[in-house]
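Asker: Please see the structure below; I have some questions.
The values are calculated or read from the model by the stated rules, or taken from the named source; none is laboratory data. These figures come from a predicted structure and were not determined experimentally. Glycine also receives a Cβ, built like all others from the backbone with ideal geometry; neighbour counts cover every protein chain displayed.
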Amino acid sequence: MDNVQLLATLAGAIRTGGIRIVDLTQTLSPDFPQIALPPEMGQCWAFRVEEISQYDARGPGWYWNNFSCGEHTGTHFDAPIHWISGKDLPHNSVDTIPVQNLVAPACVIDCHEQAAENPDYLLSVADIEAFEAAHGRIAAGSWVLMRTDWSKRKDPEAYQNFDETGQHTPGPSAEAVRFLIEQRDVLGFGSEAIGTDAGQGYHLRPPYPCHYYMHGAGRYGLQCLMNLDLLPPTGSVLICPPLKIQKGSGSPLRVLALVGA
Amino acid sequence: MTMPLLKPRRKNPVLRTRQMNVPPGARSRVALGMTAAAAEGRFALQVCADCGAVQYPPREACHACLSPRLPWREQSGLGTLVAETVLHHSNDLFFRERLPWRLGLVHLESGPTVMVHLHGDVGAAPQPVRVGARLDRAGQAILIGFPRDEVPHMADDKMLREMTHDPKFRKVLVTDGMTRTGQAIARALVDAGAEIVWVGIAEPWKRHGSGLDEIAKLPQVTLMPLDLTDSRSVTELAGEIGGKVDIVINNAEIHRTFGIAARRGLDAARAEMDVNYFGLLRLAQEFGPALKGRSADGVVSATAWVNLLSIFALANFAPHGTYSASKAAALSLAQCLRAEMRQAGIRVINVFPGPIDDEWNQNLPPPKLTPAAVAGAIVKALRDGVEDVYPGDVAQEWLERWRDDPKVLERELAAGV
């Protein structure tokens, strides 16, 4: 089968439902919580929407809105330039990332039971090895997605999960991040929580290891994903092009997964 | 003795809600001097700078010596009720709907004889009384004859309650409960007898350690999601409770401590404007119409709107420069809101505190206002029916310097005095 045929077959399979498309994106809404930094620091804007007109005096025949948000609002993509460790890499912003990286296979490591028990759960190298023992070695150039079912926390307070010591959400350990980059050459890391790093990631070494190592190695991040429980452990393909923002550090985006059967 | 106001019965929902007809509001430019003083809770009359004559009603020239030099001076209001009458008929719609109505003539110790509305606790003439100025539902100064001494439940007098905004039995929205000031306001309203205090919370995940959980335990308090940066949130809350709110207290604010050079970029300044200015605009567009529609709805009608501004709204305090600018914008918008709400008889009260003793004023030296003092000033303003309040020593001093010469104050502030 040549590539033209391959593509036609793919399109046909999508049309007939032989290949399903799963939406991994949270709806952009003012109700979806925004990452919270200490108040004296700069803040990423939450999603906000203002009506331009709604079939009224401001525009009699049409309805439309203006919206505002940050590059890191809602389900979003992190480019290497987001972190200081990736600031000088080539093709490190959303407008210059090679587009073939925006369509790539994904592995989904299921940690939802551990996260239910411990909101500060850190994905370990042992978890990755156990995954590979069951599903095969993680291929180079793959996304690794951490399924925690965190996206099922629909109440923003439960989703953010703050207490007096800060945020408590799951993420990867520093060792797991290095393993994925150095031993498996992954494309990036994806999470259901509000960041790719754990809520307590500031206290890890280095602080925010997933951001620090992934972006330092030119890899990407996806966060605020959902529906990871609908994906197979391996074999899905993600389509996740961020907006082409000049020198953008990231962007809200629609993340779609192609799933065979 | 005034009968204490009893908790009113629930409204019959099939009856039409009575609409407001405001009392006569026309005043000459000179007469507005009395309104300006009453707006701050003072009873002032023109006192001739040349011959000392006290004059009423206000005029362009002294009735005794024709001097045009007639500064307004605060009056004690002590006098004698010399005549009284009870209106049983009026062609003015406001009074027609509130008959019978008691009026009197008071001979003031300072000289003039003035026309007053009579408090129910003032006995038959002749009678010693104390005259005070209040704003009526048209926002204009009127004079009231009070008994010389305080009597129980004075605030519950039917006539006086038309001029004031006592929170007793009323339903109040406080727009931000995440701050100590918001919590103090909610507590003060509960203590003042408010029936319901809705307390807005934005970003509820930040509530830990805020003190919010303490006021949430009060039976009168109900927490409501409200984020003034989010138009949809404001619209939704107005849809839910707008038709029941009698008093809006907009205390939500963002306060950062930067001038122009101390912070790169717009993020902090924009966040301040988004809450302090656009937040007020969003709130006013959504809650304003509902309040206006209920301003004559019985003894617990919709009645007032309170804006927590800052004394920095009058003149820029450069170390908090962008905050000052946002409060100046809010003050301007609050004046617009007042102009629009006055037509419906809703009072807009602007509160201009000096620095409040909170985290963002941590580096300012005392004196600083406690949150409880701010809350107390707001409740007092509602009870007194004033328009502008400058609580605390710092605010009073700034106000005095600003009135004396705004340009001089600008220079002093720039020099850090």
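Asker: For the stretch B:334-357, what are the residues that are surrounded by fewer than 17 Cβ atoms within 10 Å (Cβ to Cβ) and either assigned to a loop (DSSP other than H, G, I, E, B) or among the aliphatic types (A, V, I, L, M) (or both)?
Answerer: Once the filter is applied, which keeps residues that are surrounded by fewer than 17 Cβ atoms within 10 Å (Cβ to Cβ) and either assigned to a loop (DSSP other than H, G, I, E, B) or among the aliphatic types (A, V, I, L, M) (or both), the stretch B:334-357 yields B:ALA339, B:GLN343.
Asker: From (1) closer than 15 Å to A:CYS111 by Cβ; (2) hydroxyl-bearing (Ser, Thr, Tyr); (3) touching a Phe, Trp or Tyr at 6+ places or on another chain (Cβ under 7 Å), pick out the condition that doesn't hold for A:SER173.
Answerer: (3)
Every residue, every condition in (1) of a type in the set (S, T, N, Q); (2) within 21 Å of B:MET178 (Cβ to Cβ); (3) modelled with pLDDT under 95, yes or no:
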{"position": "B:ARG338", "(1), (2), (3)": "no, no, no"}
{"position": "B:MET341", "(1), (2), (3)": "no, no, no"}
{"position": "B:VAL351", "(1), (2), (3)": "no, yes, no"}
{"position": "B:ASP357", "(1), (2), (3)": "no, yes, no"}
{"position": "B:PRO365", "(1), (2), (3)": "no, no, yes"}
{"position": "B:THR370", "(1), (2), (3)": "yes, yes, no"}
{"position": "B:ALA373", "(1), (2), (3)": "no, yes, no"}
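Asker: What are the residues in the stretch B:189-211 that are away from every other protein chain (no Cβ under 11 Å), surrounded by fewer than 22 Cβ atoms within 10 Å (Cβ to Cβ) and either out of contact with any Lys or Arg (no Cβ under 8 Å at 6 or more places or on another chain) or over 22 Å from B:ALA302 (Cα atoms) (or both), if any?
Answerer: B:VAL190, B:ASP191, B:GLY211
Asker: Quick one: in the stretch B:239-285, which of the residues that are in a helix (DSSP H, G or I) and under 20 Å from B:HIS165 (Cβ atoms) is farthest from the other protein chains (Cβ to nearest Cβ)?
Answerer: Filtering the stretch B:239-285 for residues that are in a helix (DSSP H, G or I) and under 20 Å from B:HIS165 (Cβ atoms), the one farthest from the other protein chains (Cβ to nearest Cβ) comes out as B:ILE241.
Asker: Sticking with this one: Of all residues in the stretch A:1-47, which are among the aliphatic types (A, V, I, L, M), more than 26 Å from A:PRO232 (Cα to Cα) and surrounded by fewer than 13 Cβ atoms within 10 Å (Cβ to Cβ)?
Answerer: A:VAL4, A:LEU37, A:MET41
Asker: Now for a different question. More than 25 Å from the chain's Cα centre (by Cα) and among the β-branched types (Val, Ile, Thr): is that true of B:VAL116 in this structure?
Answerer: No; evaluated as a whole, the condition is false for this residue.
Asker: Would it be correct to say that A:GLY74 is within 21 Å of A:MET214 (Cβ to Cβ), within 11 Å of chain B (Cβ to nearest Cβ) and either among the small types (Gly, Ala, Ser) or part of a loop (DSSP other than H, G, I, E, B) (or both)?
Answerer: In short, no.
Asker: Residues to consider are B:LEU228, B:LEU218; find the one that is more than 10 Å from chain A (Cβ to nearest Cβ), in a loop (DSSP other than H, G, I, E, B) and surrounded by fewer than 21 Cβ atoms within 10 Å (Cβ to Cβ).
Answerer: Sole residue among the options that is more than 10 Å from chain A (Cβ to nearest Cβ), in a loop (DSSP other than H, G, I, E, B) and surrounded by fewer than 21 Cβ atoms within 10 Å (Cβ to Cβ): B:LEU218.
Asker: Among the strands (runs of 3 or more DSSP E) lying completely within the stretch A:217-261, list those that include at least 3 residues that are surrounded by 24 or more Cβ atoms within 10 Å (Cβ to Cβ) and at pLDDT 95 or above.
Answerer: In the stretch A:217-261, the matching strands (runs of 3 or more DSSP E) lie at A:220-223.
Asker: Can you list the strands (runs of 3 or more DSSP E) lying wholly within the stretch A:8-69 that have 3 or more residues being more than 14 Å from chain B (Cβ to nearest Cβ) and of a type outside the set (Gly, Ala, Ser)?
Answerer: Once the strands (runs of 3 or more DSSP E) in the stretch A:8-69 are filtered for at least 3 residues that are more than 14 Å from chain B (Cβ to nearest Cβ) and of a type outside the set (Gly, Ala, Ser), what remains is A:19-23, A:59-68.
Asker: Scan the stretch A:161-180 and report the pairs whose first residue is within 14 Å of another protein chain (Cβ to nearest Cβ) and whose second residue is in a helix (DSSP H, G or I) and surrounded by fewer than 18 Cβ atoms within 10 Å (Cβ to Cβ), with Cβ atoms within less than 9 Å and a gap of 6+ or a chain change.
Answerer: Partner pairs satisfying both residue conditions: A:PHE162/B:LYS206; A:GLY166/A:TYR202; A:GLY166/A:HIS203.
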